[in-house]
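Everything below concerns the one structure shown next.
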Amino acid sequence: MQRHRLLLAIFLLLPLMATEAWAEPVTGALRAGRDARPICTLDGVPLAGYGGGTRRKTIPMQDGHSFFLVKSTGEHDTVRVKSLVLEVEGERMAFISIDAIGAARSIVDEVVSRLPGTGLTRESIMLVGTHTHSSMGAVSDKLFWQVGAVDRFDSDVLDHVAGNIVDSLNAAIADLQPAKLGNGSSEVLGITRNRRTDNAPVNTDLGVIKVESMAGDPMAVLFNFAIHGTSLSGDDLNMSADNMGYAERYIEAQIPGVVALFANGAEGDVAPTMGGLDGAQSVGETLGAEVKAVWDATATHEETTIEVQSVETDLPQIVINVTACGDEFTA
């Protein structure tokens, strides 16, 4: 019987001692559960990702959940949390994708504080932000990011967001059922470019993990691709999951019953080739169509090997090139 080996490696990138969770492989029959739901339904939350222009107040002052940045004015599409829980021989791991500029340490810490009773720990969850620049701010407690691009920390927003993440995890756990898993890959051309240097190479690799029920019904697809969530510019004050959100919704429409979870790659200076709502949709649907093609071509298997490792490491001193800062899409 063909088996799949799935390694969840979490790099927290913090100046602490290295730690490990259960690092011995666990092999056996797979159970899986999934969930998707809105992650932020509060009114007047600032948007994180662009720190200047239309989004920045002339005079900082408290207004609802905002301080340095203006409040969002509505939404183009719902920003969500999507969860996939896998279990083999009683050991659980979880992938959590949130439509956000990133997974701030403050969010991770708050979610971890609410994990007791779930069978999950800090080391067995991978919480990633899709890197849309048009979702909730005010959730980072790091001063640089508060002032620069995400707005002043607001405990009410953090509580709301963390609560929705944990609710999603609990729903995915309640959905656990015998499942099959497969993985495939491809590449997607024409939807990304290097925003600093014309014709510079970009990573076009697409990775896909397919999860379906024992009866072959779609359950979840986790896909990885390198792209910035900057089809929408800093002049737009509406919440949006941007191009990766359009990709997820396209996939979910094409594969009824599936929950699509986007995990960004090393997007660095990799920008989308098209801007605006139409551009976000076009880029997202092109990406989503390739995910669907990989899904269709990927076989799944009942027995899976999972392994979790967690490493915290030091990072070098941050160096900021101020001249390179500006509009993400047009730069």
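The values are calculated or read from the model by the stated rules, or taken from the named source; none is laboratory data. Source: prediction; values computed, not measured. Positions of Cβ are backbone-derived with ideal geometry, glycine not excepted, and every protein chain shown enters the neighbour counts. In case anyone asks, the SASA skips ligands and DNA or RNA and just uses the protein heavy atoms, side chains included. Shrake-Rupley method; radii C 1.70, N 1.55, O 1.52, S 1.80 Å.
Suppose we keep only residues that are among the charged types (D, E, K, R) and in contact with a Gly (Cβ under 9 Å, 6 or more places away or on another chain) within the stretch 60-98. Which one would you say is surrounded by the fewest Cβ atoms within 10 Å (Cβ to Cβ)?
Within the stretch 60-98, the first condition is being among the charged types (D, E, K, R), and the residues that meet it are 63, 71, 75, 77, 80, 82, 87, 89, 91-92.
Of the ones still in play, those that are also in contact with a Gly (Cβ under 9 Å, 6 or more places away or on another chain) are 63, 71, 77, 80, 87, 89, 91-92.
Details: 63: 13, 71: 18, 77: 19, 80: 26, 87: 23, 89: 11, 91: 18, 92: 22.
Selected residue: 89.
Would you call residue 129 at pLDDT 95 or above, under 13 Å from the mean Cα position of the chain (by Cα) and not hydrophobic (A, V, I, L, M, F, W, C)? Walk me through how you get there before you give the answer.
Details: at pLDDT 95 or above: yes; under 13 Å from the mean Cα position of the chain (by Cα): yes; not hydrophobic (A, V, I, L, M, F, W, C): yes.
Against the criterion (at pLDDT 95 or above, under 13 Å from the mean Cα position of the chain (by Cα) and not hydrophobic (A, V, I, L, M, F, W, C)), residue 129 qualifies.
Do we find that residue 187 is loosely packed, with under 15 Cβ neighbours inside 10 Å, touching a strand residue (DSSP E or B) at 6+ places or on another chain (Cβ under 6 Å) and modelled with pLDDT of 95 or more in this structure? Step through it out loud before you land on a result.
Values: loosely packed, with under 15 Cβ neighbours inside 10 Å: yes; touching a strand residue (DSSP E or B) at 6+ places or on another chain (Cβ under 6 Å): yes; modelled with pLDDT of 95 or more: yes.
It is true that residue 187 is loosely packed, with under 15 Cβ neighbours inside 10 Å, touching a strand residue (DSSP E or B) at 6+ places or on another chain (Cβ under 6 Å) and modelled with pLDDT of 95 or more.
Would you mention how many residues in the stretch 259-284 are of a type outside the set (Gly, Ala, Ser) and in a loop (DSSP other than H, G, I, E, B)?
Residues meeting the conditions: 4.
From 217, 205, 236, which residue is open to solvent by 20 Å² or more (accessible area, probe 1.4 Å), in contact with a Gly (Cβ under 9 Å, 6 or more places away or on another chain) and closer than 17 Å to residue 86 by Cβ? Steps first, please.
On the way: 205 fails: closer than 17 Å to residue 86 by Cβ; 236 fails: closer than 17 Å to residue 86 by Cβ.
Going through 217, 205, 236 in turn, just one is open to solvent by 20 Å² or more (accessible area, probe 1.4 Å), in contact with a Gly (Cβ under 9 Å, 6 or more places away or on another chain) and closer than 17 Å to residue 86 by Cβ: 217.
Which residue, of 113, 66, is under 24 Å from the mean Cα position of the chain (by Cα) and farther than 30 Å from residue 276 by Cβ?
Values: 66 fails: farther than 30 Å from residue 276 by Cβ.
Residue meeting the stated conditions: 113.
Could you list, ordered by first residue, the pairs with Cβ atoms under 6 Å in which the first is in the stretch 90-108 and farther than 13 Å from residue 138 by Cα and the second is among the acidic types (Asp, Glu) and surrounded by fewer than 22 Cβ atoms within 10 Å (Cβ to Cβ), at least 6 apart or interchain?
Final answer for the pair search is none.
Quickly run through the stretch 74-91 and pick out the residues that are at pLDDT 95 or above and either outside any strand (DSSP E or B) or touching a Phe, Trp or Tyr at 6+ places or on another chain (Cβ under 6 Å) (or both).
76, 77, 78, 79, 84
Quick one: residue 272 ticks every box in (1) under 29 Å from residue 86 (Cβ atoms); (2) within 19 Å of the chain's Cα centre (by Cα) bar one, so which box is it?
Here residue 272 meets the rest and fails (1).
Which condition does residue 192 not pass, out of (1) at pLDDT 95 or above; (2) open to solvent by 40 Å² or more (accessible area, probe 1.4 Å), if it passes all the others?
Exception for residue 192: condition (2).
Quick one: would you say residue 101 is open to solvent by less than 30 Å² (accessible area, probe 1.4 Å), within 15 Å of the chain's Cα centre (by Cα) and either aliphatic (A, V, I, L, M) or on the phi > 0 side of the Ramachandran plot (or both)? Break it down stepwise before answering.
Values: open to solvent by less than 30 Å² (accessible area, probe 1.4 Å): no; within 15 Å of the chain's Cα centre (by Cα): yes; either aliphatic (A, V, I, L, M) or on the phi > 0 side of the Ramachandran plot (or both): yes.
Against the criterion (open to solvent by less than 30 Å² (accessible area, probe 1.4 Å), within 15 Å of the chain's Cα centre (by Cα) and either aliphatic (A, V, I, L, M) or on the phi > 0 side of the Ramachandran plot (or both)), residue 101 does not qualify.
Among the numbered criteria (1) open to solvent by less than 10 Å² (accessible area, probe 1.4 Å); (2) assigned to a helix (DSSP H, G or I), which single criterion is violated by residue 144?
Answer for residue 144: the failing condition is (1).
Are any residues in the stretch 188-244 among the aromatic types (Phe, Trp, Tyr) and more than 21 Å from residue 276 (Cβ to Cβ), and if so, which ones?
First, the residues of the stretch 188-244 that are among the aromatic types (Phe, Trp, Tyr): 223, 225.
Across the stretch 188-244, the qualifying residue is only 223.
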